[in-house]
Amino acid sequence: MTTDDKIEMCKVMSTITGIITTYIVLPFISTLGMTECKSSLITAQNWGSINGRVIEQYTLKNEAGQEVDIITYGATITNIKIPDKHGNVDDILLGFDNISGYLSSDNPYFGATVGRVANRIAKGRFVIDGKKYQVSRNIGENSLHGGTKGWSFKVWNATIENGSVVMTLLSEDGDEGFPGAVIASATFRLSNDGKLCIEMKTFTSKPTPINLTNHAYFNLAGHGTNAEELYKHRIVLNADRWTVTDSDSIPTGEIRSVKDSIMDLRKPTVLGDVIDKVPGGGYDYNFCLPDKSSKVNENRFVAEVEHVGSGRYMTVHSNQPGVQLYTANFLPATNATGILGKDGKHYFRHGALCLETQNYPDAVNHANFPNSILRPGQLYLHTVCYKFGVKKMHMIAGIDYV
């Protein structure tokens, strides 16, 4: 580390205490409306270790009989347990029983907080203020989910504050090739009305691209029921456009209307009726929410998913401009060996869906996409709320939620 680097790091570290105190640790009033409902009971326990560093698991429970587990490795959600219409509790999140599973090469980012830039960056290259940057490439010639060792591979610090689990991370200048030291936090809260709300914040010492998401894999019938039950899910997606991609899933820059296409999910759609008609063998595309209202950082309706057999439903609201709908197309085929997950279950292709609220992929390289550059003195704020519940009678939202 050069003298200039040391000076820069000292400047960054000198601001950490003030930033964490002001924006992370103190009771916060956020756009999530987190303070509106009574919070869950939170407990903590050790959950293994990595290179001698203890991994902690935090369990949040509410009065609705719901439970969420989060570990400090990757700020990862490992379990979401909710009752069905008969009161039977199932885990609806794909994942592993222990830390070894999350460290394995079989882990496709199950439940992880992904950054510093979620989704793809073409060729791992971008230019900021005339300076060229090359970040690590981990999917062919491109960068995916923060590179070779993005934030989903790091151990976060954690505390319990005001009924929430607050996880924090310092990503140093040059981490995976990205400029600027970045302080990040991910705050998780489970309310008694069934909302799991996540608030992600970052600050930076230099201009840098930022695009965070949570990569939870959901199957409302139960984490081990695979495609047979996922195909029965009904989905409504509040998106009127999508970003067209090439064969490597890199955006071409075109933003196309979903009207009269397989991408139009604004009315209740059974996944099994459409999934095999989607180019690429299933959904793995960024969808664009309708243009924002004048209210900055306001959460808007993103999606609703329902599994009629169990009665479980999930709604998603976020302040982000896009959402990546992914139907687990790259999990092993049913005639192959599946990923060994929780409770001895094997996971296969189309065994779950992800609704990754975020900015558009490769936004740093497209002037017509929403800005993804965070500058010193600015706050990156990403909020997303997943609400879980049971519908004893069939009913699902429509596009009226726009």
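The values are calculated or read from the model by the stated rules, or taken from the named source; none is laboratory data. Computed from a prediction, not measured in an experiment: that's the story for all the values here. Reconstructed Cβ throughout: ideal geometry from the backbone, glycine too, with neighbour counts over all protein chains shown. These accessible areas exclude ligands, DNA and RNA; they are computed on the full protein's heavy atoms, side chains included. Shrake-Rupley method; radii C 1.70, N 1.55, O 1.52, S 1.80 Å.
Scoring 158-164, 299-305, 210-216 by mean Cβ neighbours within 10 Å over their residues and listing the highest first yields 210-216, 299-305, 158-164. Paramagnetic label reach from SER104 (point 7 Å along Cα→Cβ; backbone nitrogen cut-off under 18 Å): within the range 195-236, residues 217, 223-226.
Annotation: per residue accessible area for the chain equals 41 Å², rounded to a whole number [probe 1.4 Å, protein chains only]. Each peptide in 310-320, 336-346 was scored by the mean count of other Cβ atoms within 10 Å over its residues; highest first, the order is 310-320, 336-346. The magnitude of the dipole of the chain, with charges of +1 and -1 set on the Cβ of Lys/Arg and Asp/Glu and taken from the Cα centre, is near 380 debye.
Among residues other than LYS132 with Cβ under 13 Å from its Cβ, the summed charge is +2 (Lys and Arg +1, Asp and Glu -1). Among TRP47, TRP156, the sequence by solvent-accessible area, most first, with a 1.4 Å probe is TRP47, TRP156. Among the lysines of the range 78-222, pairs at least eight places apart or on separate chains and with Cα atoms under 20 Å apart come to 9. Taking all protein chains as shown and a probe of 1.4 angstrom, ARG256 keeps an accessible surface of around 100 Å².
For the residues PHE96, PHE330, a 1.4 Å probe over the protein chains yields an accessible-area ranking, largest first, of PHE330, PHE96. Structural descriptor for the chain: relative contact order 17 percent, calculated from alpha carbon pairs under 8 angstrom and at least 6 residues apart.
Would you mind calculating the gained length between ASP343 and ASN329 on full extension (0.36 nm times residue separation, minus the Cα-Cα distance), in nm to one decimal?
Numbers: separation 14, 0.36 × 14 = 5.04 nm, distance 2.22 nm.
Full extension from ASP343 to ASN329 adds 2.8 nm.
Taking volume of the Cα convex hull per residue in Å³ as calculated from this structure, the corresponding entry among (i) 142; (ii) 211; (iii) 153 is (i). Computed over the chain, the per-residue total of -39500 (n - 2.57) for DSSP H runs of n ≥ 4 gives a 222 nm mean residue ellipticity of -2000 deg cm²/dmol, rounded to 500. Structural descriptor for the range 102-223: relative contact order 27 percent, calculated from alpha carbon pairs under 8 angstrom and at least 6 residues apart. Ligands, DNA and RNA left out, the 1.4 Å accessible surface of the chain is 50% carbon and sulfur atoms. Taking max minus min of the alpha-carbon positions on each principal axis, the range 121-180 gives extents of 42, 27, 15 Å, largest first.
Could you give log10 I(q)/I(0) at q = 0.11, 0.15, 0.16 Å⁻¹ for the range 61-127, computed by the Debye formula over C-alpha point scatterers of equal weight, without solvent? The Cα Debye sum returns log10 ratios of -0.38, -0.62, -0.67. When the Cα convex hull of the range 58-203 is projected onto planes of every orientation, the mean area is 10.0 nm².
Averaging the Cα positions of each part gives two centres, and for the range 36-108 and the range 325-358 these lie 18 Å apart. Take every pair of alpha-carbon atoms less than 8 Å apart whose residues are at least six positions apart; their mean separation over the length of the range 233-319 yields a relative contact order of 35 percent.
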